[in-house]
Amino acid sequence: MRYRTVIELICNAGDRDEASDIAGDYLKGDIDFGVEMKCRTESLAGHRVLKYAVSSAVVILMIATFALKITPVALEGEAGSKGGYRIAFQNTDTVMPELKTKHKEDFKQEWQARKDDAILEYLKK
């Protein structure tokens, strides 16, 4: 079985290079004092299981989120056909802000007249 060992050396040094030199001398056996060492060893099997478990959990969570939020929505096809499907988010609506017109009543009447004309044109076809 393989193991991972982490060694931490703590010493007083002026800069990074001096700290590296002191650590190298300590590990060679040239220095016996002034360096504090901490060592931790653990099995790689536990590390791998944890790494793959977290990755798998994230992927499963993403798939579950999309599966619950996205659903097929039927499209209207020609008469007699089954129609197609597309993917859409559930409970999504288009929000239109209130129109900012000076003469709201005149605009509403004109809009209703255009809408009625469009419906009549459609029904004549």
Residues within segment 4-45 that are surrounded by 11 or more Cβ atoms within 10 Å (Cβ to Cβ), outside any strand (DSSP E or B) and within 41 Å of the chain's Cα centre (by Cα), tallied: 4
Of residues in segment 46-72 being part of a strand (DSSP E or B) and surrounded by 11 or more Cβ atoms within 10 Å (Cβ to Cβ), the one farthest from the chain's Cα centre (by Cα): Thr71
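Residue-by-condition table, conditions (1) out of contact with any helix residue (DSSP H, G or I) (no Cβ under 9 Å at 6 or more places or on another chain); (2) at pLDDT below 75; (3) charged (D, E, K, R):
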position: Ala64; (1), (2), (3): yes, no, no
position: Ala88; (1), (2), (3): yes, yes, no
position: Pro97; (1), (2), (3): yes, yes, no
position: Lys115; (1), (2), (3): yes, no, yes
position: Ile119; (1), (2), (3): yes, no, no
Given (1) in a loop (DSSP other than H, G, I, E, B); (2) at pLDDT 70 or above, number of the condition Gly80 does not satisfy: (2)
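The values are calculated or read from the model by the stated rules, or taken from the named source; none is laboratory data. Everything numeric in this text was worked out from a predicted model, so none of it was measured. Counting neighbours? That spans all protein chains shown, and the Cβs are built from the backbone with ideal geometry, glycine included.
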